[in-house]
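The values are calculated or read from the model by the stated rules, or taken from the named source; none is laboratory data. All values derive from a computational prediction rather than experimental measurement. Note that each Cβ is placed from the backbone with ideal geometry, even for glycine, and that neighbours are counted across all protein chains shown. Heads up: the accessible areas ignore ligands, DNA and RNA and are worked out on the full protein's heavy atoms, side chains in. Shrake-Rupley method; radii C 1.70, N 1.55, O 1.52, S 1.80 Å.
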Amino acid sequence: MTMQNQTRITRKFAGTGVMIAVVLATLTAFIVMIGATTVNAAPQIKTQAPGFYRMMLGDYEITVLSDGIAPRQVDQIMSKPREIREILAHDHEALPVDLSINTFAINTGAKLILVDTGAGELFGSHSGGRLIANLRAAGYKPEQIDAVLLTHIHADHSGGLSIGGQRVFTNALVYVDKRDPNFWLSAASESAAPANMKQMFQQSHSTVDPYVKAAKLRPFDGETELFPGIRTISAYGHTPGHTTYMVESKGQRLLLWGGTIHLAEAQFSDPTITIEYDVERDAAITSRMKLLVDADKKGYLVGGAHISFPGLGHVRADTKGFSWITLPYSDKS
Ligand SMILES: [Zn+2]
C-alpha cells in the first residue's frame, strides 16, 4: 500500500465517521422530541361512551340500553359454519364477533317498562352486565322500573334480574310467557335435559327464583295486551315461550325481538341458520321466517337484542332472504 492510498482510505473513514455522528445526533434529537410529546400527550381513556340511545315512538319514550357485548365464535355455535365464515370474510369481519346485548326501556308516561335485563353477573366482569350503569346514565334508577317483560329466559336476557340472589328491580313485576318458567324452572325438564344444558337451568333459578319467592312473577299465556299499546307476539322455538313485544303509540310501531336474530350478517340473508341455544330449531326457523315476512310487509320499526347497538332498523325482503336497514341516527327529542 502506498502512502497516497493510505491517506485516501483514512479520509474516507473520517468522512463516514462524520456522517454517522450527524445521523446519531439527528436521531437523538428526534427521540428527545418524541419523548417530550409523550410527556405532554393526553392519556388514552379506553372506556366506551355510556350505552343508551333515545327516541320517541308517538307519545312513548324509548331508551335502548346496552348491557355490553358477548364476543362469540359464532362459527362454532351456529349451523352452516362454512357459510358463516364465508359471509364474515366477505364482510371484512373477524371472528369472534362482538354480539351486542341490547335491552329496551319504554316510558309510557304512566309506567316505566323494561324489556329484557341483559346478563347481570352471569358472563363475568368482562362481558355484559352494563345495564344498570347505562340505565343510571340514561337518567333512571332500577327501583323506578314498574315492569320487566322478558322475551325469554336465557342468561343474556333474564340474567340481569338478580345479582347475588337479590332482586335488582325491587318494585317490578316480571312478565314472561308461562311456557318458559314451566320449562326452565321445572325439575322434570332439568333432569331430562342433556348435560350441557344443566348450567342454563341453574342460571334460570339463580336469577328468576327471587321474583317467584317474592310473588312478583306474572306468567302470561300466548298473545295478549299487557299494557296499553304493548302486546305480546309469540315466537316459540328459540325457547318454549320465546316472545316478541309490539309497542304502539299514535300509530307508530316498534317490535322488540329477543333471540330472533343472533348474527345479523348471516341470518337475514339465510334465516334457516340456527344457534345451539335454540331449544327447538325447526320451530325457531319458522318463527324467524314469520317475523321477517311480517316486518317487511308492514314496515314497522324493529329493535333487536343482538343486532349491533342500538339495534334499531327496518327489514326489507331481498332477492336472497332479507336485508337489515339500520335506522339513521337522530338527536331529535
Ligand atoms: Zn336466547
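Just to confirm, what accessible area per residue do you get for the chain at 1.4 Å probe, in whole Å²? It would help to have the intermediate numbers written out before the result.
Values: 17030 Å² over 333 residues.
Dividing the accessible area of the chain by its residue count gives 51 Å².
For a bin width of 20 Å, list the pair-distance distribution of the chain built from all Cα-Cα distances, rounded to whole %.
Answer for the chain: a P(r) of 28, 47, 10, 8, 5, 0 percent.
Going by average Cβ density within 10 Å per residue, which order do the peptides 146-153, 122-129 take, highest to lowest?
Numbers: 146-153: 25.1, 122-129: 16.4.
Per-residue mean Cβ counts within 10 Å order the peptides as 146-153, 122-129.
Do the sum for the chain: with -39,500 (n - 2.57) for every DSSP H run of n ≥ 4, divided by all residues, what is the mean residue ellipticity at 222 nm, to the nearest 500 deg cm²/dmol?
Values: 10 runs with 113 residues, N = 333.
Counting only the DSSP helices, I get -10500 deg cm²/dmol.
Out of the total accessible area of the chain (probe 1.4 Å, heavy atoms of protein only), what percent is carbon and sulfur? Before the final figure, lay out the partial values.
Working: 9750 of 17030 Å².
Summing carbon and sulfur atoms, their accessible area is 57 percent of the total for the chain.
Using the eigenvalues of the Cα gyration tensor, what equivalent ellipsoid semi-axes result for segment 95-151 when each is taken as the square root of five times the eigenvalue, whole Å, largest first? Write down the numbers at each step before the final one.
On the way: eigenvalues 107, 29, 20 Å².
Taking √(5λ) for each eigenvalue gives 23, 12, 10 Å, largest first.
From largest accessible area down, sort S308, S162, S330; use a 1.4 Å probe on the protein chains. Let's see the in-between values first.
Working: S308 90, S162 5, S330 40 Å².
Sorted descending by solvent-accessible area, the residues read S308, S330, S162.
How large is the accessible surface of W324 in square angstrom, using a 1.4 angstrom probe and rounding to the nearest 10?
For W324, the solvent-accessible surface is approximately 50 Å².
Kindly write out, for segment 181-186 in residue order, the coupling ³J(HN,Hα) from the Karplus curve 6.51 cos²θ - 1.76 cosθ + 1.60 (θ = phi - 60°), rounded to whole Hz, with x marking Gly and Pro.
x, 4, 8, 6, 9, 9
Please report the spacing between the Cα centers of segment 140-185 and segment 192-251 in Å, no decimals.
Using only Cα atoms, the two centres lie 8 Å from each other.
To the nearest 10 square angstrom, what accessible area does E225 show with a 1.4 Å probe?
120 Å²
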